[in-house]
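See structure below.
The values are calculated or read from the model by the stated rules, or taken from the named source; none is laboratory data. None of the values given here were measured: they were computed from a predicted structure. Here the Cβ is made from the backbone with ideal geometry for all residues, glycine too, and neighbour counts use every protein chain on show. We work out accessible area using only protein heavy atoms, side chains counted, and drop any ligands, DNA or RNA first. Shrake-Rupley method; radii C 1.70, N 1.55, O 1.52, S 1.80 Å.
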Amino acid sequence: MNIQKLSQDLTLIFGEISEQFFFQLREIIINAIEFTYQQIKELTDHPTLQNTIIHHSKPQILNQLKELEYISQESLFRFLYLYAELLRYVLNLIKPIEKKITLSLYENIQPQVLFSERFFSDTTKDRILLLEDQNVISPQDIYHSVNSKNKNKIYFLLPPLLSDAEIFEQSIVSQKSIGTFLRENQVHFVKVQFQPKLSLSENAEQLYEMIKLTFSFFSSERESPKISFLTFSTGSWILYYLLLKYKEFFKPKIENCFVISSPDLGFKLERILLWAGLGFDYESTISLKILRLLTSKELSILKDFHENIVNTHKKQLKEILPQFPITKIYSIILEENTLWANWLGDGIIEESSLSFFDDCLPEDKIYTITGISHLQILSSFEIKNVLKEIL
């Protein structure tokens with residue numbers, strides 16, 4: 001860990017430390033440590049692992065964190081240092097699979113799928129945006145675009161709720177972005193930029209109104225285009241909301257729904273904190289920015305990460321989803337017969353959450369990719385092969 005760089009980044013990213021922020025950050029780090037220990041305790045009964053971590057390290061680390069009450073950059077630095085050191089220790093105890101985890105979670109990744117830099121300076125907008133290429137467009141623009149290009153299909157791309165629509169234009173290594181891939185396959189698409197200042201339902205309702213307005217410009221159902229959705233991560237929750245609340249409106253209009261890496265049992269922010277803690281050795285700036293974002297009071301959408309329409313309507317969704325042409329795609333870092341496979345899942349979302357709705361969908365509509373993470377799947381060759389097969 002580059003301690004000097006970490007200290008410099010602290011000043012740059014966090015600025016002046018308020019009392020409220022200081023204790024809020026201390027609380028979420030303590031909660032993340034408690035979460036990590038509980039997960040390890042439930043995951044394995046290996047005596048060495050249990051005794052070493054749960055009965056020795058945990059009380060010492062938590063006590064040190066709770067004793068830090070002096071509000072300063074130095075105390076904040078101590079928080080993060082203890083957290084990162086503890087997680088490195090945990091990682092060393094599972095050495096046999098460390099290399100696979102490292103390759104999947106910290107090399108050739110897209111950290112932008114977790115958060116958008118834009119939200120550090122722009123949290124004032126209260127309207128979602130529709131984007132074609134780099135341009136903001138209106139429902140009427142979509143109507144004219146469909147007619148001028150003689151297209152009878154249109155895709156809506158829904159990014160994660162804390163991310164930016166431009167993740168669909170980003171790629172890693174030599175792989176093409178999803179946007180480039182869709183253009184090469186003559187797919188007409190519109191990206192949706194959600195606003196984290198709004199709740200999940202407010203974002204979804206605005207998208208519904210825009211889609212409804214788009215269809216109002218067409219003189220008849222026959223002239224209207226078929227629509228499809230491609231969602232990534234928590235963007236799926238917007239789709240689920242629309243299908244739950246406006247099933248009859250969307251049923252005759254939808255041609256395809258690609259649901260990629262969806263956290264169908266909700267999204268634990270502690271998992272992002274765990275990734276950020278382990279990431280201090282790789283890119284401390286990104287880890288610090290994630291911590292800063294998760295302590296923001298301005299982002300209403302964060303409340304929906306704890307409880308949302310997926311959590312409260314699981315039974316209804318299991319009845320509704322089979323009525324739509326849904327293709328689920330997700331990745332698992334390790335082989336399923338590995339002890340840690342379910343808990344690690346795709347590195348950010350556990351396998352049980354990724355696969356929760358599998359039993360209500362046809363087997364040939366579920367694609368599982370092994371060996372890549374949540375932070376790699378969107379630009380992977382494997383996902384483009386699946387899309388090409390269906391497109």
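A single entry from 307, 336 fulfils the requirement of being in contact with a Gly (Cβ under 9 Å, 6 or more places away or on another chain), of a type in the set (D, E, K, R) and either modelled with pLDDT under 80 or over 23 Å from residue 381 (Cα atoms) (or both): 307. Scanning segment 361-383 for residues that are in a helix (DSSP H, G or I) and not small (Gly, Ala, Ser) yields 363, 364, 365, 377, 378, 381, 382, 383.
Number of residues in segment 141-150 that are open to solvent by 60 Å² or more (accessible area, probe 1.4 Å) and over 30 Å from the mean Cα position of the chain (by Cα) equals 5.
Count of segment 356-376 residues, restricted to those that are crowded, with 20+ Cβ neighbours inside 10 Å and modelled with pLDDT under 90, is 5. Evaluated against (1) under 19 Å from the mean Cα position of the chain (by Cα); (2) surrounded by fewer than 18 Cβ atoms within 10 Å (Cβ to Cβ); (3) aliphatic (A, V, I, L, M), residue 136 falls short on exactly one condition, (1).
Here residue 171 fulfils each of the conditions (1) surrounded by fewer than 23 Cβ atoms within 10 Å (Cβ to Cβ); (2) over 24 Å from residue 381 (Cα atoms); (3) not basic (Lys, Arg) apart from (2). For beta carbons closer than 6 Å, sequence separation of 6+ or different chains, a first residue in segment 150-162 that is farther than 17 Å from residue 240 by Cβ and a second that is open to solvent by 10 Å² or more (accessible area, probe 1.4 Å) and assigned to a strand (DSSP E or B), the qualifying pairs are 153/226; 155/189.
Say we look at segment 227-246 and pick out the residues that are of a type in the set (A, V, I, L, M, F, W, C) and closer than 16 Å to residue 353 by Cα; which of these is farthest from the chain's Cα centre (by Cα)? Filtering segment 227-246 for residues that are of a type in the set (A, V, I, L, M, F, W, C) and closer than 16 Å to residue 353 by Cα, the one farthest from the chain's Cα centre (by Cα) comes out as 237.
Quick check on this structure: which one of 107, 85, 132 is within 27 Å of residue 371 (Cβ to Cβ) and either of a type in the set (Asp, Glu) or at pLDDT below 70 (or both)? I'd like the intermediate steps shown before the answer.
On the way: 85 fails: within 27 Å of residue 371 (Cβ to Cβ); 132 fails: within 27 Å of residue 371 (Cβ to Cβ).
Checking each option against the conditions leaves just 107.
Where helices (runs of 4 or more DSSP H) fall entirely within segment 161-251, those with at least 3 residues that are farther than 19 Å from residue 320 by Cα are at 178-184, 200-216. Within segment 332-345, at least one residue is closer than 15 Å to residue 233 by Cα and either more than 18 Å from the chain's Cα centre (by Cα) or part of a loop (DSSP other than H, G, I, E, B) (or both). All told, residue 320 meets the bar of being of a type in the set (A, V, I, L, M), assigned to a helix (DSSP H, G or I), touching a residue at least 60 places away in the same chain (Cβ under 8 Å) and under 24 Å from residue 257 (Cα atoms). The condition of being touching a residue at least 40 places away in the same chain (Cβ under 8 Å) and within 29 Å of residue 251 (Cβ to Cβ) holds for only one of 378, 334, 299, 344, that being 378. Every condition in (1) under 17 Å from the mean Cα position of the chain (by Cα); (2) of a type in the set (Asp, Glu); (3) open to solvent by 20 Å² or more (accessible area, probe 1.4 Å) is met by residue 319 except one, and the failing one is (1).
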